[in-house]
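Down below is the structure, laid out as structure tokens.
The values are calculated or read from the model by the stated rules, or taken from the named source; none is laboratory data. All figures in this text were calculated on a predicted structure; none of them were measured in a lab. Here Cβ is always computed from backbone atoms with ideal geometry, including for glycine, and neighbour counts include all displayed protein chains.
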Amino acid sequence: MSAPKGRWVSSFSFLLLCASSILTRGRARLLQELSPQEYFSTLQAGRASLAYFSRNVSPGAQPFLEQIENSAEALQDYGISVVKVNCPKEDVSGYCGKENALRKAYLFRGNTLIREFPTDALFDVDSIVANVLFALLFNEVKYVETLADLQDIENALKGRSNMVFAYVPATGTAEHRAVMEAAFVYGTVHQFVLTTEATLLKDTSSDEPDVSSARLLFCHCQRATDLAQPCRRTAMGQALTLLNIHRHLKLMGAPLVTEVAEDPEKVSTVHLQLGLPLVFILSQKETYEADRRTAEFVAWQLLGKAGVALLSRDLVDLKVLLRSNVALKTPNEGVPIKYMVLEDTDDVVTLVEEKSKVAQIQEDEEEEEVEEEEKEDNNQDVQDDQVVEAVSRDKKRELPLEQILALTEDTFHSALLETAQTVVLFYASWEAVSLAVLRSYAEVADHLKGTRGVLLSRVNCWDWPGVCTNENVTQFPTIKIYEKGERSVMYNGMWGAEELISFIMLSRVSCPLKLATMDEAEGYLRGEFPSELSSYHHTSLLGVFSTATSEAREAFEEAGNILSGHVTMGMYVEDDALALSHKYAVSPPALLLARSGGQSVEGIALSKQSAQDMVQMIRYELLDVFPEITVQNLPRYLQLRKPFLILFSDGDIGQMESEEMLKLAKGRLQQGFVACWLNLKKTPVGRGILKTYFATMPSLPVLIWVNLHAGGQVFRFPSEQSITESNVLSWLEKLKAGLEIPSSTLSEEDWKPPLPAYDFLQMMETAVPDLPLHTSHSHGDTPARRPPKSPGGDTAVQEEPSQETEAEKVGSPVRDLRGTAPRLATRDKQGKRHSEL
Amino acid sequence: LGLALYASSLFAASSAAFLYHDYCIIGAGPSGLQAAYFLQRASRDYVVFERSHAPGSFFALYPRHRKLISINKRYTGKSNSEFNLRHDWNSLLSHDRRLLFRRYSRDFFPDADTMVRYLEDFASLLKLRVQYNTAIVHVTLERDRQAWNGHYFLLTDQDRQNYKCSSLLVATGTWVPNVVNFPGSEYVEGYETVSINPEDFAGQTVLILGRGNSAFETAENILGVTNFIHMVSRSRVRLSWATHYVGDLRAINNGLLDTYQLKSLDGLLEGNLEDLAIVKDKKGKLHITLRFYLENRNTSAGIDSITLPQDELDNFATRAPYDRVIRCLGWKFDFSVYNSSLRMMPGKGDKKKYPQIKPSYESRGTRGLFVLGTASHSVDFRKSAGGFIHGFRYTTRAVHRLLENRHHGVPWPSTVYPITQLTNSIIKRVNEASGLYQMFSVLADIILLRENATAFEYLEEYPVGVLAELEMQTGKKGPNELFVILMEYGRNFSGADKDVFYYNRAVGEAQHAWQSNFLHPVIYFYKRLPTEREMRLRPPDWPLPRPDAIHHIVEDFLTDWTAPNAHILPLRRFLENCLSTDLRNFFAESCFLFAFTRQKLPPFCRQGYVRMQGLMGSEGLWRHAVEAGLLEDYTLTDFLGNRPPDSHEESQDQLLRDHVIPVRPLQHLVNAKDE
């Protein structure tokens, strides 16, 4: 009950805004009590008053009395005074003497009686206001019972003015009151027609209406020219409240199509002000008349849902594609206008309806949020860091760290000497990212359990800062792999179990691995040698050198050092036989690349390259031609800084698409883009990407061109075309020529602080106004604002011996078990979100 | 003295007669040895002069009753060596773990002999170059443009051996006893010589002058055997637990307060010692009177003619005669050896026992002369711990770093981190750093933002008083924006008159952190380096001028500021708002989504994920993040794409589907686009 009441109050106050300028009145006591003589002598001509006569208050009249008292305020807004006339005991003349007078209320205008109401018709405020206004607005609101009556009125109005036709299931309801109140304001502008006949509602509606709920139609009779046709009608979609009716009438009163000749960003119409979108039909001189008709057609469809404006491109310099024909401006501030190419008018309507649905959902959410915020006065203290929050939610779970040796300052160095390979995770036990990595590390330990020659260990830098400093660990987490106390490698890959395992395993083999025989080299290319790596699927790189080429060999070895753990690199130095080079038709120095278990071996000639160049080259060569993009491998492709042509697929991609895409990708060197695909089953977050691009999920598979590094425009390959190399290529041509419209553009927004910080400086200034903080600095930008007392703002600084009382008075939040002095009996709860100790 | 002067002018021409060192340190006490340690580690040419045959000669005599009042906490429940130094007040800084004081004593309040032994070990184990039995009796200057500071320091020892130094580090402490002269002061025994055997005081009535730790230590020793003890001093007793100043009366020595306040047995009096006079009667008893009475009397008359206060005021407090009067008034710096050209001036007011120095610990009168140790306490007298081992071991290190930069072009040590480590680096330091903790409000960590705030440089324990000179003193490029991290007590919390145990003395909510009373970290943000003028005009009691923004990390009962929501989160928000960026951590999945849907990435993704160091996270964490609503689970979402292609009931997807029948083609509009 409270919600509709709240809405009622707001609509009421809204009406006050409209009505109070018309009505001026002295706000005296709302319910006057007068004697009959007083009452009748004070009646003013033209002023309405509702009176009831009372002798001793009879018990049965009590509820009625209450209601009428309550309605006094509402009625006063319409200039109607409510009077209780006290009949003297002996007085039996006039109304006091009338039979049943005491069971009735009388509505007077001046001293003319307009109507008598039986008290049972005035059962609550709504019914009192509705009935009183209904009686007073006799001319403004016609009551009809038959369709013929309605048509008569309609016909009479055609070409002259518009009609508001309302159906209410019964009089005296809240809806009835809303209609009457609206009629009070708009009655002179539109003809109001009211009915309670359900049949009439059925006759005026095309669909099967629900007769139990009220309905309001706006009939555009002013524009009607054809007497034979009924006026065009626009039903109000929302519930019948005063605010909604007002809004609807405002919208109906707005021009159907607004002609615009300025920057659409600056345009504002009634629609935008009322929170509705505005659709621009982009027009040109040549097609102006047709566009205008289209705009009107669309406008009729969208009446009450969105505004329509006709924008002449000839008059405004628009920096959008010539092809764009429609633009959408949403009432949300800061959202840029979206330009589109739509093919039929239905698209426009659907678009708006989509928007309004989304907006409705958002509004609901916002409302919830507002409520939330009211409950918690701020949410600055709510954790919004996903890693920190996830780790703290997991803190009660004991981590399975048995497999990981905890090292100390004393054991660190000796532990390194014991095993061939010691992996050390340096972390801080209070730091969230470290703890997240520690969880993955535990998985690694579990996976590598029993692997000989590998020791997994950890150093908590919060306990042993000296070890971490000595090992040059400046940030958390850091993983280093120590080889029998000799050299150490810093792990620089993804913080994930899988990646780490692969790194540890690959690091066990020297990089590059020197291969002694032809058999070893062949086995290496097949992925069978060395045996410890055979279970790890990878691409093998083999450097083939002649005994003479020492320069390239050194560079290769150095590159191997850099890439150790990420790549398997072998090295084969041929003697005079040159058998390997012959077999793969390369001349040393050369690089052999065996993808996926040696099924195909590529040869690449090595020229005089530095180690760095070689690292670059190897990294590049290891990229797949048409990769499946995953969370793990995206960064490698991002580094190419090229646009992405990406096929989103639900599950594996089809044979045909795969082949066509591969053909496309093979030419990638010339084309300069990354052709790839994304498996939504494997990488569900891909749906998040599509949702951002399209608001709703497109049908799959969908081919997207997105330029991540320049402009951020997203294009969608037309779904009616099949994905073939030629189709895609010609589409790409069009893209480049600027003939395609982007589906969306990636947000350019900076990453700003998600929420404000506590402004302690200001708190200090408000609490301690005497603090000479300002005199001492030349760039004082914030003048001291001194509200009388800030909440909890003066316990510490102004405290004299009376600190305690002061603190109690302010109800300061310092009485829980945190901070530096515990108070063991906490009486009132302060903390809401943090767990109390 | 005249001879020495003569000698110096004579030998000035031929400097061969001088033994030259870049650095000369006077005094092999804790601060002298500490300075020597840093110079030795930096391979500098230095020497320490010590008048005694061993280091720490002050501790060989003092405290007289041999109990140090600096705590030696052997257990803290933590293994963090840096943190543990917060509760180790005796160790000097070194890389040698053997030289931790807890290895020398099991006592919470160790014996002074242990300190002497410790200092001997410190000097010998680290092979510090100390020249013992060398008392510097005179110091003067020799102008020379070539010299580091425009002059050399010429030092003369008791054997008239001369030494020449480019830089002089004065670590002599305060060892000259404070003496008050009044009629009868000849009857007063000094703390430095008074008997420490309680038996010598049996059945005696004792008056002690002074109300510091030495006075109470003396009283504590004899409390049990005397008739009663009175203590008199100019100012009220200040309890260190109430003032947070370790130089005030420590609880370990305050047994006399008990007997005074409980049984009116012993007592404290306030009065100006200069107005006193002591008269000895025939029985050898000492009577207190006022200088005023003595001045008016007939000098020839005997003791009986002297007016005693009780003659006029028969309930005068100290009317009972005393058997002994003991002076325990502390010590002052020895100014006598410095030639006037060095302008070694005593400080003003209550700092007159210390020489005047700048916040950089350099003498106000002479460039190149630095005062270390207890004598340097004027910088933070009655505020922080600069006069005590646990404080000046850090200020000495700071002076060394200033010197390294000034004379050897070695910039202040610093580490450069990516901006994603900003919150972490602050949290790490405020939780473990001992220098910040001991030298609260004096030494500060400085964060200089670099490269458009994508990286920052971290400088530890810089003297905050010379913040304006940061560029010159550290050799670091002046930043635009900087953070200053220090520790502070709540202003107005501590003080002699304050009840530090009042209810609600502690703040628990992060949003009220600025009202924290106990030692807590405070972070100042400046858009540019404060100028010297701003430093000079800063509000009283403020270590720094008004910042552009300030953050307090709420005080903590355990001094453990690692709580994710109460400590780290508000700090992150503060840093984010100062830098106008988003410093949250993200799982790789989020970075992946951002990479495809945003043109810009948050720093964590930019510096991690994009560089192939994304945080994959575990399954469990991922689920927690989803439950927290901070990560979206896309596997659950029921999208149209999952349905059979011919189910058309969802109208909202129509727009994005393939169109079938155009209702009313926008033909003209479509045509228009081709023109």
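What the table below lists for this structure:
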quantity: Candidate set: the stretch B:587-611, residues that are at the interface with another protein chain (Cβ under 7 Å from one of its Cβ atoms), surrounded by 19 or more Cβ atoms within 10 Å (Cβ to Cβ) and outside any helix (DSSP H, G or I); chosen: the one farthest from the chain's Cα centre (by Cα); calculated: B:R598
quantity: Test result for A:K682, over 24 Å from A:G712 (Cβ atoms), within 14 Å of chain B (Cβ to nearest Cβ) and out of contact with any Gly (no Cβ under 6 Å at 6 or more places or on another chain); calculated: yes
quantity: Of the criteria (1) surrounded by fewer than 20 Cβ atoms within 10 Å (Cβ to Cβ); (2) touching a residue at least 24 places away in the same chain (Cβ under 8 Å), which one A:A665 fails; calculated: (1)
quantity: Test: residue in the stretch A:414-428 that is facing chain B (nearest Cβ under 10 Å) and in a loop (DSSP other than H, G, I, E, B); calculated: yes
quantity: Those residues of the stretch B:533-546 which are in a loop (DSSP other than H, G, I, E, B), facing chain A (nearest Cβ under 9 Å) and surrounded by fewer than 23 Cβ atoms within 10 Å (Cβ to Cβ), in sequence order; calculated: B:L537, B:R538, B:P539, B:P540, B:W542, B:P545
quantity: Residue in the stretch A:462-490 that is farthest from the other protein chains (Cβ to nearest Cβ), counting only those that are under 15 Å from B:T415 (Cα atoms) and not in a helix (DSSP H, G or I); calculated: A:E471
quantity: Which listed residue, of A:Y482, A:Y584, A:Y491, A:Y572, is buried (at least 21 other Cβ atoms within 10 Å of the Cβ) and closer than 18 Å to A:G603 by Cα; calculated: A:Y572
quantity: Index of the failed condition, A:D759 passing every other in (1) facing chain B (nearest Cβ under 9 Å); (2) surrounded by fewer than 16 Cβ atoms within 10 Å (Cβ to Cβ); (3) acidic (D, E); calculated: (2)
quantity: Members of the stretch B:81-104 found to be acidic (D, E) and assigned to a loop (DSSP other than H, G, I, E, B), listed by number; calculated: B:D96
quantity: A:A45 being in contact with a Gly (Cβ under 6 Å, 6 or more places away or on another chain) and at pLDDT 65 or above; calculated: yes
quantity: Condition broken by A:P754, with the remaining ones in (1) within 11 Å of chain B (Cβ to nearest Cβ); (2) surrounded by 19 or more Cβ atoms within 10 Å (Cβ to Cβ); (3) modelled with pLDDT of 85 or more; (4) part of a loop (DSSP other than H, G, I, E, B) satisfied; calculated: (2)
quantity: Of all residues making up the stretch B:524-544, the number that are at pLDDT 90 or above and closer than 15 Å to B:R491 by Cα; calculated: 2
quantity: Scan of the stretch B:501-532 for residues that are part of a helix (DSSP H, G or I), at the interface with chain A (Cβ under 8 Å from one of its Cβ atoms) and not aromatic (F, W, Y), ordered by number; calculated: B:A510, B:Q511, B:H512, B:A513, B:Q515
quantity: Residues of the stretch A:400-415 classified as touching a residue at least 24 places away in the same chain (Cβ under 8 Å) and within 18 Å of A:C461 (Cα to Cα), total; calculated: 10
quantity: Any hit, the stretch B:549-564, residues being over 27 Å from B:A468 (Cβ atoms), among the aliphatic types (A, V, I, L, M) and surrounded by fewer than 22 Cβ atoms within 10 Å (Cβ to Cβ); calculated: yes
quantity: Hits in the stretch A:436-461 (condition: within 11 Å of chain B (Cβ to nearest Cβ) and in contact with a Phe, Trp or Tyr (Cβ under 7 Å, 6 or more places away or on another chain)); calculated: A:V437, A:L438, A:S440, A:N460, A:C461
quantity: Conditions (1) within 30 Å of A:S535 (Cβ to Cβ); (2) surrounded by fewer than 16 Cβ atoms within 10 Å (Cβ to Cβ); (3) modelled with pLDDT of 90 or more: number failed by A:S429; calculated: (1)
quantity: Lone qualifier among A:E720, A:E765, A:E725 - being more than 21 Å from A:K642 (Cβ to Cβ), in the same structural domain as A:D650 (by the TED database) and acidic (D, E); calculated: A:E720
quantity: Enumeration of residues in the stretch B:467-484 that are touching a Gly at 6+ places or on another chain (Cβ under 8 Å) and of a type in the set (G, A, S); calculated: B:G475
quantity: Matching entry among B:S91, B:S57 (being of a type in the set (S, T, N, Q) and either surrounded by fewer than 17 Cβ atoms within 10 Å (Cβ to Cβ) or at pLDDT below 95 (or both)); calculated: B:S57
quantity: Odd one out for B:S336, checked against (1) among the hydroxyl-bearing types (S, T, Y); (2) in contact (Cβ under 8 Å) with a residue 60 or more places away in the chain; (3) within 18 Å of B:G27 (Cα to Cα); calculated: (2)
quantity: The stretch A:737-751: number of residues that are in contact (Cβ under 8 Å) with a residue 24 or more places away in the chain and more than 7 Å from every other protein chain (Cβ to nearest Cβ); calculated: 8
quantity: Condition met for B:A28 (within 29 Å of B:F216 (Cα to Cα) and modelled with pLDDT of 95 or more); calculated: yes
quantity: Hits in the stretch B:241-270 (condition: without any contact (Cβ under 8 Å) to a residue 60 or more places away in the chain, closer than 30 Å to B:Y437 by Cα and part of a helix (DSSP H, G or I)); calculated: B:A251, B:G255, B:L257
quantity: Matching option when the condition is in contact with a Pro (Cβ under 9 Å, 6 or more places away or on another chain) and within 30 Å of B:N504 (Cα to Cα), among B:P540, B:P564; calculated: B:P540
quantity: Conditions (1) in contact with a Pro (Cβ under 8 Å, 6 or more places away or on another chain); (2) crowded, with 17+ Cβ neighbours inside 10 Å; number of the one not met by A:H709; calculated: (2)
quantity: All helices (runs of 4 or more DSSP H) inside the stretch A:648-717 with 2 or more residues being more than 16 Å from A:L732 (Cα to Cα) and assigned by the TED database to the domain that holds A:P742; calculated: A:655-666, A:685-694
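A quick yes/no check of all residues on (1) touching a strand residue (DSSP E or B) at 6+ places or on another chain (Cβ under 6 Å); (2) assigned to a loop (DSSP other than H, G, I, E, B):
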site	(1), (2)
B:A54	no, yes
B:A60	no, no
B:G77	no, yes
B:D113	no, no
B:V116	no, no
B:L141	yes, no
B:R160	no, yes
B:K164	yes, no
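Matching residues to (1) in contact with a helix residue (DSSP H, G or I) (Cβ under 8 Å, 6 or more places away or on another chain); (2) farther than 23 Å from B:D248 by Cα:
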| site | (1), (2) |
| --- | --- |
| B:L61 | no, no |
| B:L68 | yes, no |
| B:N84 | no, yes |
| B:D88 | yes, no |
| B:L99 | yes, yes |
